[in-house]
Amino acid sequence: MASPATGDSDQVLVEANGSTRTLVLNRPKQLNALSSAMVTGLLKCFTSYEEENTVKLLIVKGKGRAFCAGGDVAEVAQSINNDTWKYGADFFHTEFLLNYIIATYSKPQVSLLTGIVMGGGAGVSIHGRFRVATGNTVFAMPETALGLFPDIGASYFLSRLPGFYGEYVGLTGARLDGAEMLACGLATHFVPLNRMPLLEESLKKVDTSDPFAICGIIDQFSQQPSVKGSSAMNRMEIINRCFSKRTVEEIISALEQEAPSVADKLVTAAIQSLRKASPTSLKISLASIREGRLQTVGECLRREYRMVCHVMRGDFSRDFFEGCRAILVDKDRNPKWMPPTLDQVHDGVVAKYFSKVDDPQWEDLNLPTRSSHGRRIVPKL
């Protein structure tokens, strides 16, 4: 039977089966968007189960038609408007600590990625050892359309995808299916939707933390799907040529030069997404992914925490609040970004997002010493 992970919230349920614990994200009406209570509950579970010798495997899944549609940023934005930016800072502090614990976890975690996996949903799954995509999986990092940036340690895993695919996914918010997730390395396995319940039942009988044994079980249910002909994975030459450019302006210019010679929806869609996104978000996102290539997962999360605190405070732009208004609250989908154009977002301002917050009560993200430095992303190309 499933029971609440913590006494004060049933938004995360725990199913105990022998040596396996299944954590169920339980806000189906909100597509399992991560609330403050959920992040706190998950952190308590991961922390305590790592210490319990009787627990050998964690499964994470979502209830309903989504795995997790991201962090509940509307809740965060509303709380900041009603209270103070420190509420948002506390939320992300706990979330990023959770991401780090998952990335450096000593026991195997299997995430069953049915339905939507976006933003914060990637944070509680992609950092784990096994990520099982399926026929209805939809993955995206849509933050630049919200005036935010790919956080939750995304600068670590996006920067390790093949070529400059991470820049493409992180800047455009492009949606990937399960086959594409497997091909680029975001997923470790692909299991057909009708076989997912059988996989889950097999995993619940496990009495080992040996990752090779766990992998062997998942392999029994796995397939190697082909990516669709229209997939971005089949356009890597174009993606690398354009998204390797030094600046966002140069990326858009390169895409526009490709457009006449390549009758391709991917190029057109990428240009449209970049034109609609927050100019500030695009610039700090590109800088973040580029920095992430040379950093550990802990260093990425510490830097992203600085960045998100500047965003919550509205130090250099209030695009996050405008994006939440236009996309999530009023839903007019017509945000008024400030500054409105890329050329008005200067390099000096971008650099400030990476600096410490000028507040005597603010502290850098303090992460515990762990034996691992994060999982390797291995593309299945």
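The values are calculated or read from the model by the stated rules, or taken from the named source; none is laboratory data. Computed from a predicted model, the values in this text were never measured in an experiment. Here the Cβ is made from the backbone with ideal geometry for all residues, glycine too, and neighbour counts use every protein chain on show. These accessible areas exclude ligands, DNA and RNA; they are computed on the full protein's heavy atoms, side chains included. Shrake-Rupley method; radii C 1.70, N 1.55, O 1.52, S 1.80 Å.
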Checklist outcome for this item: Scanning segment 353-364 residue by residue, those touching a residue at least 40 places away in the same chain (Cβ under 8 Å) and within 19 Å of LEU301 (Cβ to Cβ) turn out to be TYR353, PHE354, SER355, LYS356, VAL357, TRP362, ASP364
Item to check | Pairs where the first residue, in segment 259-273, is within 13 Å of GLY173 (Cα to Cα) and modelled with pLDDT of 85 or more and the second is of a type in the set (A, V, I, L, M) and open to solvent by 30 Å² or more (accessible area, probe 1.4 Å), C-beta under 8 Å, 6+ apart | outcome: ILE271/ALA259; SER273/ALA145
Checklist entry - Quick one: which of ALA74, ALA89, ALA103 is open to solvent by 30 Å² or more (accessible area, probe 1.4 Å), out of contact with any strand residue (DSSP E or B) (no Cβ under 8 Å at 6 or more places or on another chain) and small (Gly, Ala, Ser)? => result ALA74
Checklist outcome for this item: Here the qualifying pairs (Cβ atoms under 9 Å; residues six or more apart or on different chains; first in segment 183-209 and free of Cβ contacts under 8 Å to residues at least 40 places away in the same chain and among the small types (Gly, Ala, Ser); second assigned to a helix (DSSP H, G or I) and open to solvent by less than 40 Å² (accessible area, probe 1.4 Å)) come out as SER202/ILE217; SER202/ILE218; SER202/PHE221
Checklist entry - Is it true that LEU367 is in contact (Cβ under 8 Å) with a residue 60 or more places away in the chain and over 19 Å from GLU143 (Cα atoms)? => result yes
Next on the checklist: Whether any residue in segment 322-331 is modelled with pLDDT of 95 or more and under 16 Å from THR144 (Cα atoms) is what I want to check.
Outcome noted: no
Checklist entry - For segment 171-234, list the helices (runs of 4 or more DSSP H) that sit wholly inside it and hold at least 2 residues that are closer than 25 Å to THR268 by Cα; which are they? => result 178-184
Next on the checklist: Going through GLU322, GLU250, GLU299, GLU256 one at a time, which residue ends up being closer than 30 Å to ALA89 by Cβ, free of Cβ contacts under 8 Å to residues at least 24 places away in the same chain and not hydrophobic (A, V, I, L, M, F, W, C)?
Outcome noted: GLU299
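Considering only residues that are part of a loop (DSSP other than H, G, I, E, B) and over 21 Å from LYS228 (Cβ atoms), which ones fall in segment 153-170?
Of everything in segment 153-170, those that are part of a loop (DSSP other than H, G, I, E, B) and over 21 Å from LYS228 (Cβ atoms) turn out to be GLY153, SER159, ARG160.
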Checklist entry - If you go through segment 38-71 one residue at a time, how many are open to solvent by 40 Å² or more (accessible area, probe 1.4 Å) and part of a helix (DSSP H, G or I)? => result 5
Checklist entry - For segment 235-258, how many residues are closer than 27 Å to MET181 by Cβ and outside any helix (DSSP H, G or I)? => result 2
Checklist entry - What about ARG241, is it at pLDDT 95 or above and more than 24 Å from the chain's Cα centre (by Cα)? => result yes
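To keep it simple, each residue is scored yes or no on (1) surrounded by 15 or more Cβ atoms within 10 Å (Cβ to Cβ); (2) over 23 Å from ILE152 (Cα atoms).
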position	(1), (2)
ASN194	no, yes
CYS215	yes, yes
PRO225	yes, yes
LYS228	no, yes
ALA232	yes, yes
PHE243	yes, no
Next on the checklist: So for segment 137-144 (the condition being more than 16 Å from the chain's Cα centre (by Cα), in a loop (DSSP other than H, G, I, E, B), among the β-branched types (Val, Ile, Thr) and at pLDDT 95 or above), does at least one residue qualify?
Outcome noted: no
Next on the checklist: Please count how many residues of segment 128-151 are open to solvent by less than 10 Å² (accessible area, probe 1.4 Å) and farther than 19 Å from VAL350 by Cα.
Outcome noted: 9
Checklist entry - What pairs come up if the first residue lies in segment 81-108 and is under 27 Å from ILE218 (Cβ atoms) and β-branched (Val, Ile, Thr), the second is modelled with pLDDT of 95 or more and not in a helix (DSSP H, G or I), and their beta carbons are under 7 Å apart, counting only those six or more places apart or on different chains? => result ILE102/GLN109; ILE102/VAL124; ILE102/HIS127; ILE102/GLY128
